[in-house]
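The values are calculated or read from the model by the stated rules, or taken from the named source; none is laboratory data. Note that this is a predicted model, so its numbers are computed, not measured. Don't worry about glycine lacking a Cβ; one is built from the backbone with ideal geometry, like all the others, and counts go over all protein chains shown.
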Amino acid sequence: MSTLTLASKRRRAALRTAAFMSPWLIGFAIFFAYPLISTVYFSFMHYDGFRPPAWSGTRNWAYVFRNYPLFWPALRNTLWLVVVAVSLRVVFGLGVGLLITKIKAGTGVFRTLFYLPYLAPPVAATMAFAFLLNPGTGPVDSILDGIGIPAPGWFNDPDWSKPGLTLLALWGVGDLMVIFMAALLDVPREQYEAAELDGASAWQRFRYVTLPNISPIVMFAVVTGVIQTMQYYTQPLIAGKVASGVIQGAGTQFEPGYPDKSTLTLPQLVYNLGFQRFDYGSACVVALVLFALSMVFTAFLMRRRGGLNLAGD
Amino acid sequence: MKLRETASPAARTARRRALLEWIAVHSLGVAAAVFFTLPFVFVFLTSLMSDSQALSRDLIPHTWEWGNYRKVFDTPGFLTWWKNTLIYAGLGTVLTVVSSIPVAYALAKFRFRGRNLSLMLVISMMMLPPQVIIIPMYLFWAKQLDLSGTLWPLIIPMAFGDAFSIFLLRQFLMTIPNEYLDAAKVDGCGDLRTLLKVVLPMARPGIAAVALFQFFYAWNDYFGPQIYASENPAAWTLSYGLESFKGAHHTDWNLTMAATVLVMAPVILVFFFAQKAFVEGVTLTGVKG
């Protein structure tokens, strides 16, 4: 008798869980598992959307890695952005976070002003920067000219387009500022007081008290920064499009990466291969490379204890 | 006052150093504020310039052309983009919140086999770039359901839980002590009633944060409308239309900047009204503990 009620109790609990989880279970199947498997399948198919898919073995893979002229430049750009933009953003975010914890007058106003750019819609923000940095007419050009520094070509110069994007990313550092601010306020007061009694300088206090305490957050910022860079799409695309002066509309094709492939990123290749060249198979190969890279860093993030607060209780 | 006069020289230098530090910190703060604010200011000023002045190197408008904003609104399609954006962002947000809450609740408070696995899969979905699965998804929506040229391929999936929202809500629900749930159970509440009557009122800040994030996500989304709506200008959103606006007015920086202001302004207004919930949400995204 009692085992029966126990069994029925268990069944009811399982049903309850399934009911609560059901939106996501369906979503997981239709919008994650199925398309992911399908992407693997298409990566071995020749498919242009019109004729039925035909088995093509590893031909798409060979094409992407050996002959697709945009693949390696995109990967190189991603690496550049990871090394330069992500680290600058973390350092700058930490700096601004430190600054905001030290500001005593008008803290709320400063915090809001520092945070706002992060919220600017990416298309609008990129458009704004394309204007600000526009050679000849942009305000930044005028200012640099005024102090006698020759202004670079920014989004029209292959050497300066990524620094321009980095500037845009630094402007939107608000997310990191808030995270670092919270972490800095969590550092125990007593540790600073003890360090001060020992006669530690400001730098030593930062190096031996602040940094060890916030190092998990620094790590979190770096890894999420890397993941975001893998997904970097709208800003480089819009910057290239606006600077190149291509008019969007039917019949126009924008070759991504302007100027000279310098703003190419992996997600743009999926669009280029799939929706401009109608080579769905090769697009899926790039998609899987993107997937593998994202998952490596996500796994790294999840494995670190405390990083995502996964521990149940 | 008296104390001050009798203060030792050491205390005086300490005070002077504190004052100098105060000045240094706040000057640096002002410099940073200028860096973060100036782009907005330049965009706004340019949006009020005449056509020819916007192409010059002037920073301040000679005449304040408020009519530029009128011209933007009169652009064919602009109001439709507004409407579409509100539908996408509004409907999408409601669907996301309603479908994500029960999942987040189960992940935070139920004990079941596969819970950690589910959570790991949620995080993987959260980190998945949308481009990874876009080919099959596009074929599914466009070829099988014939829904390309609309925003439905972007809205419908939101009825099935959004990974980021689930994760963020779950983090928030974890902070609600189990005693409240146990008390509700003792009072005879079932799971659904406990969720609706006890948990939801306590989770209001978390829900607000999720709703805001989702609203901003849809508002800012460029890739989604580019894939599904590009062929049909009647389905464009602001973020997508803005770029074509630039294309059509490619030397009129003043009008383009006015349109840019109109895309940015609602986001900033919403932020001012809901600042607290938002900042709370950012800190909740995973860095506690």
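Residues in the stretch B:100-118 that are touching a helix residue (DSSP H, G or I) at 6+ places or on another chain (Cβ under 6 Å) and surrounded by fewer than 23 Cβ atoms within 10 Å (Cβ to Cβ): B:PRO102, B:ALA108, B:PHE110, B:PHE112. Taking the listed residues B:MET125, B:MET137, B:MET120, the one that is facing chain A (nearest Cβ under 8 Å), modelled with pLDDT of 95 or more and assigned to a helix (DSSP H, G or I) is B:MET137, with no other qualifying.
Which of the residues that make up the stretch A:152-186 are assigned to a helix (DSSP H, G or I), away from chain B (no Cβ under 11 Å) and of a type outside the set (D, E, K, R)? Of everything in the stretch A:152-186, those that are assigned to a helix (DSSP H, G or I), away from chain B (no Cβ under 11 Å) and of a type outside the set (D, E, K, R) turn out to be A:TRP154, A:PHE155, A:ASN156, A:SER161, A:PRO163, A:GLY164, A:LEU165, A:THR166, A:ALA169, A:LEU184. Checked against (1) within 7 Å of another protein chain (Cβ to nearest Cβ); (2) surrounded by 24 or more Cβ atoms within 10 Å (Cβ to Cβ), A:PRO117 passes all but condition (2). Residues of the stretch A:146-181 that are under 11 Å from A:LEU94 (Cα atoms) and either over 20 Å from the mean Cα position of the chain (by Cα) or among the β-branched types (Val, Ile, Thr) (or both): A:VAL173, A:VAL178, A:ILE179, A:MET181. With respect to being within 12 Å of chain B (Cβ to nearest Cβ) and either surrounded by fewer than 17 Cβ atoms within 10 Å (Cβ to Cβ) or modelled with pLDDT of 90 or more (or both), A:LEU269 fits the description. Would you check if there is a residue in the stretch A:240-253 being modelled with pLDDT of 90 or more, in a loop (DSSP other than H, G, I, E, B) and not acidic (Asp, Glu)? No, the stretch A:240-253 contains no residue that is modelled with pLDDT of 90 or more, in a loop (DSSP other than H, G, I, E, B) and not acidic (Asp, Glu).
Does A:LEU81 satisfy being of a type in the set (A, V, I, L, M, F, W, C) and either farther than 28 Å from A:LEU293 by Cβ or within 14 Å of chain B (Cβ to nearest Cβ) (or both)? No; evaluated as a whole, the condition is false for this residue. One residue is enough: does the stretch B:171-192 have a residue meeting the conditions away from chain A (no Cβ under 11 Å), part of a loop (DSSP other than H, G, I, E, B) and touching a residue at least 12 places away in the same chain (Cβ under 8 Å)? Looking through the stretch B:171-192, at least one residue is away from chain A (no Cβ under 11 Å), part of a loop (DSSP other than H, G, I, E, B) and touching a residue at least 12 places away in the same chain (Cβ under 8 Å).
List pairs: first residue in the stretch A:86-105 and more than 10 Å from chain B (Cβ to nearest Cβ), second residue crowded, with 19+ Cβ neighbours inside 10 Å and outside any helix (DSSP H, G or I) anywhere in the structure, Cβ distance under 8 angstrom, at least six positions apart or on different chains. Correct list of pairs: A:ARG89/A:VAL173; A:GLY93/A:VAL173.
Of the candidates A:PHE278, A:PHE220, the single residue that is crowded, with 18+ Cβ neighbours inside 10 Å and either touching a strand residue (DSSP E or B) at 6+ places or on another chain (Cβ under 8 Å) or among the aromatic types (Phe, Trp, Tyr) (or both) is A:PHE220. Counting only helices (runs of 4 or more DSSP H) that sit wholly inside the stretch A:75-151, those with at least 1 residues that are farther than 18 Å from A:SER161 by Cα are A:87-102, A:107-119, A:139-146.
A single entry from A:ARG10, A:ARG51, A:ARG16 fulfils the requirement of being more than 9 Å from chain B (Cβ to nearest Cβ) and either buried (at least 16 other Cβ atoms within 10 Å of the Cβ) or more than 25 Å from B:LEU195 (Cβ to Cβ) (or both): A:ARG51. Flag: B:PRO157 does not match the condition of being over 19 Å from A:PHE20 (Cα atoms) and assigned by TED's automatic domain parsing to the domain that holds B:ARG204. Residues in the stretch A:236-246 include at least one that is surrounded by fewer than 21 Cβ atoms within 10 Å (Cβ to Cβ) and either more than 9 Å from every other protein chain (Cβ to nearest Cβ) or among the aliphatic types (A, V, I, L, M) (or both). Determine if the stretch A:62-70 includes at least one residue that is touching a Ser or Thr at 6+ places or on another chain (Cβ under 7 Å), in a helix (DSSP H, G or I) and aromatic (Phe, Trp, Tyr). Yes, because at least one residue in the stretch A:62-70 is touching a Ser or Thr at 6+ places or on another chain (Cβ under 7 Å), in a helix (DSSP H, G or I) and aromatic (Phe, Trp, Tyr). The listed residues are A:TYR34, A:TYR63, and the only one of them that is surrounded by 17 or more Cβ atoms within 10 Å (Cβ to Cβ) and not assigned by TED's automatic domain parsing to the domain that holds A:PRO259 turns out to be A:TYR63.
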